[in-house]
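J.: Submitted below is the structure of interest, expressed as structure tokens.
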Amino acid sequence: MAEPHRVRDALRASMTAWATLTVRDDQARVTLAPDLDVLAPQLDAIDPGWSLTWACDHPAPPIVRARLSVLGATREGLATAHTLPDAKLAALADLARAYGVTPTSDPVWVEYDPDDGANTSELETDTPTPPPTIDRPLPPQPPRDPQMEKARRHIEDLLEQLKVAGRGGEAARILMRGYGETLEESRAIYKDLHALLKG
């Protein structure tokens, strides 16, 4: 079947972003990951109803689960990183491995500035090297806030409606920032998604 091959090619072509996994003083360990702005248009062409959802399994350090549904098939990735956005990128990279796409370079150490972040300007994204090995033990899951769980369910229900309406890709871009770390943030994200559905 050619379709999973097209998804694999889209993921491989989008491996142009860098996720900061850990920071030590003025050094950061970074890994190559898919760039959603590059990936989304390619997935739109493969399946206009595709969707990408995120779940934060642990807030500090952030552990994020990414779930990609394309052409009726769903794959998940799980990763931890320095910040929530970095954990999302790393989870997307882990998800790509489920399609057989591995980073073209091992995680590397680069200079890190608290204001500017990791300096990845001199890193190449197309130099083939052996794929990295990853050990990621999971910490115990903290108790969940019932109100946040309810907000998450509302967002997921709305996401399903957007997916049916063929707007899963646009919704995934809104959810790059997650489901919100507070009830107010979750409500704001819900409003953005609701506006997308009505628009």
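J.: Would you mind telling me which numbered condition in (1) open to solvent by 30 Å² or more (accessible area, probe 1.4 Å); (2) under 22 Å from Val108 (Cα atoms) Glu76 fails?
T.: (2)
J.: Please determine, by comparing only the residues of the range 42-73 that are without any contact (Cβ under 8 Å) to a residue 40 or more places away in the chain and part of a helix (DSSP H, G or I), which one is surrounded by the fewest Cβ atoms within 10 Å (Cβ to Cβ).
T.: My answer is Ala45.
The values are calculated or read from the model by the stated rules, or taken from the named source; none is laboratory data. Note that this is a predicted model, so its numbers are computed, not measured. For neighbour counting, all protein chains shown are included, and Cβ atoms are generated from backbone atoms with ideal geometry for every residue, glycine included. Side chains included, ligands, DNA and RNA excluded: accessible areas come from the protein's heavy atoms. Shrake-Rupley method; radii C 1.70, N 1.55, O 1.52, S 1.80 Å.
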